[in-house]
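Below is one structure, written out as structure tokens, with a few remarks after it.
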2 protein chains.
Amino acid sequence: MTKDTAAHILLVEDEKPLAALLKESLKLEGFTSRYCKDGEEAWDIFKSEKFDLCLLDVNMPKMNGIELGKLIRDKDAFVPILFLTANSSEQEVLDGFEIGADDYMTKPFSLKELNARIRVLLKRSQTQRNFIATATPEVFQIDNLTIDISNQFIKHADDIKKISKTEAELLKLFIQHKNQVLTRNTILLHVWGRDDFYTARNLDVYINKLRKIIKLTDQTEIINIHGTGFKLADKLTS
Amino acid sequence: MTKDTAAHILLVEDEKPLAALLKESLKLEGFTSRYCKDGEEAWDIFKSEKFDLCLLDVNMPKMNGIELGKLIRDKDAFVPILFLTANSSEQEVLDGFEIGADDYMTKPFSLKELNARIRVLLKRSQTQRNFIATATPEVFQIDNLTIDISNQFIKHADDIKKISKTEAELLKLFIQHKNQVLTRNTILLHVWGRDDFYTARNLDVYINKLRKIIKLTDQTEIINIHGTGFKLADKLTS
DNA sequence: AATATTTCTAAACCAGTTCTTAAAATAAAT
DNA sequence: ATTTATTTTAAGAACTGGTTTAGAAATATT
């Protein structure tokens, strides 16, 4: 959950109509979600995407929710897991908590209550994150230019210049994806959490600011891929 | 809950037989508990005793569970609150979550499930507790300035000056994380337990107080990272 | 139990900075 | 040529931070 952007939720549910309802409900609450129809598919997705919460049906073909929950919990000790179940035998519920579930709801349930519980879990994990996380130092060196993201400054030949939070975030995104094309949409969602006309213009303003910084080195530049996005890349010396 | 000792639970329930059953169950699970028969009594007790979790019945004479929960949440932003309710209208449940409940169970419920949910909540809050309770020496020496956190005073060239509890706590947090950027949110959660508009401005007031103290040494300073937070750092000697 | 003292919060004000919007100029693609 | 995308500059809006102060709340003292 970068910045103020919406939480991203993994939704695994084999009953299509319920799944559609849930996906719609999550959207209305302002969350983004990724839907998977069974446990195997979900596990594949989970390995490659970052989620703020997992909403798992227990009874599913191929791999049931509990098994999936265990895999998820083993890989990520903190991501909140909420199980949905139809025929909740007490033992099944206890099994869920045993493998590290955070909450359990029995069908049929109130959508509003589900949303309330989701918010509780998200708030808790967010608080936990803030409590523990003191920004890991992020210092990059490009040519004779030092870029300190967490302390928000750049240093060029003993000349220290402060940069803003947004500049730092954008710069970090580029550095982490050096030589890769970042689409406008990716950048906008990552840094601003939204993608609309004005924010897109704003990005251009910030590209301009960043180019002035990057110019201090003469090895690297931000190049535009017309109609697509931008790329931080080594200059061609030809 | 100091490390290995059992969690201490506030149990508020006006139905005597259920209360007795719950108290017994908590004991079997290895928890200690304090029983109160109504909200008013519970609030008195809560103010003077430290609990790791609150188990509150919603329907009670004198002060209902929701009101009590709100008082508790205002005083302590972190202690987990679990509501028990007989006739759970959806709205009542939502009200509970609204005031900051962490979980909700509808009577009749499975004792085993209740215990599982209690353990989940305790586990989550444990992480934070551990972070708070990192034992560190309470006396620091920075340059010619001695800072005694537990006795709440600073000493500079034989000049002893008292500092307040909040000043001491904030100073300690900075010293423990010297040269690391602390976000406003992290600071607020640690020192004030909440992050809202007024508390945020309050932080600025205290930064101001602390800077006057820190100024007594000329090696160290509190610097602001615009839009992010603050950092206690060695002055740059350039 | 009343009073004094200290500490904390809320609020106002100002200064500084960062972000957004707008608009004009330039470049690329069809 | 014309449309669409990008670059650049700039003004003001919005936000963030620093400082002081008055009164509320909590704590200590008589």
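Within segment B:188-212, which residues are under 20 Å from residue B:176 (Cα atoms), among the acidic types (Asp, Glu) and more than 9 Å from DNA strand C (Cβ to nearest atom)?
none
Can you give me the number of residues within segment B:157-179 that are closer than 23 Å to residue A:139 by Cβ and either buried (at least 18 other Cβ atoms within 10 Å of the Cβ) or within 15 Å of DNA strand D (Cβ to nearest atom) (or both)?
Residues meeting the conditions: 1.
Go through segment B:190-212 and count every residue that is in contact (Cβ under 8 Å) with a residue 60 or more places away in the chain and either more than 17 Å from the chain's Cα centre (by Cα) or open to solvent by less than 50 Å² (accessible area, probe 1.4 Å) (or both).
Step one: list which residues in segment B:190-212 are in contact (Cβ under 8 Å) with a residue 60 or more places away in the chain, which gives B:193-194.
After this cut, where a residue has to be either more than 17 Å from the chain's Cα centre (by Cα) or open to solvent by less than 50 Å² (accessible area, probe 1.4 Å) (or both) as well, the list is B:193.
Counting residues in segment B:190-212 that are in contact (Cβ under 8 Å) with a residue 60 or more places away in the chain and either more than 17 Å from the chain's Cα centre (by Cα) or open to solvent by less than 50 Å² (accessible area, probe 1.4 Å) (or both) gives 1.
Starting from segment A:150-172, keep only residues that are on the phi < 0 side of the Ramachandran plot, then list their pairs with residues that are within 14 Å of DNA strand D (Cβ to nearest atom) and hydroxyl-bearing (Ser, Thr, Tyr) whose Cβ atoms are within a distance under 7 Å, requiring at least 6 positions of separation or different chains.
A:165/B:228; A:166/A:206; A:167/A:206; A:170/A:206
Would you please name the residue that is farthest from residue B:13 (Cα to Cα), looking only at residues in segment B:62-106 that are charged (D, E, K, R) and in contact with a Leu (Cβ under 9 Å, 6 or more places away or on another chain)? Step through it out loud before you land on a result.
First, the residues of segment B:62-106 that are charged (D, E, K, R): B:62, B:67, B:70, B:73-76, B:90, B:92, B:95, B:98, B:102-103.
Restricting the remaining residues to those that are in contact with a Leu (Cβ under 9 Å, 6 or more places away or on another chain) gives B:102-103.
Details: B:102: 18, B:103: 16 Å.
This residue is B:102.
Is at least one residue of segment A:220-229 near DNA strand D (Cβ under 10 Å from one of its atoms), more than 20 Å from residue A:165 (Cβ to Cβ), under 22 Å from the mean Cα position of the chain (by Cα) and not aliphatic (A, V, I, L, M)?
yes
Among the numbered criteria (1) at the interface with chain B (Cβ under 8 Å from one of its Cβ atoms); (2) among the charged types (D, E, K, R); (3) more than 12 Å from residue A:54 (Cα to Cα), which single criterion is violated by residue A:75?
Going through the list (1) at the interface with chain B (Cβ under 8 Å from one of its Cβ atoms); (2) among the charged types (D, E, K, R); (3) more than 12 Å from residue A:54 (Cα to Cα), residue A:75 breaks only (1).
The values are calculated or read from the model by the stated rules, or taken from the named source; none is laboratory data. Please read all numbers here as calculations on a predicted model, not as lab measurements. A quick note on method: Cβ atoms are made from the backbone with ideal geometry, for glycine too, and the neighbour counts reach across all protein chains shown. Surface areas here come from the heavy atoms of the whole protein model, side chains and all, with no ligands, DNA or RNA. Shrake-Rupley method; radii C 1.70, N 1.55, O 1.52, S 1.80 Å.
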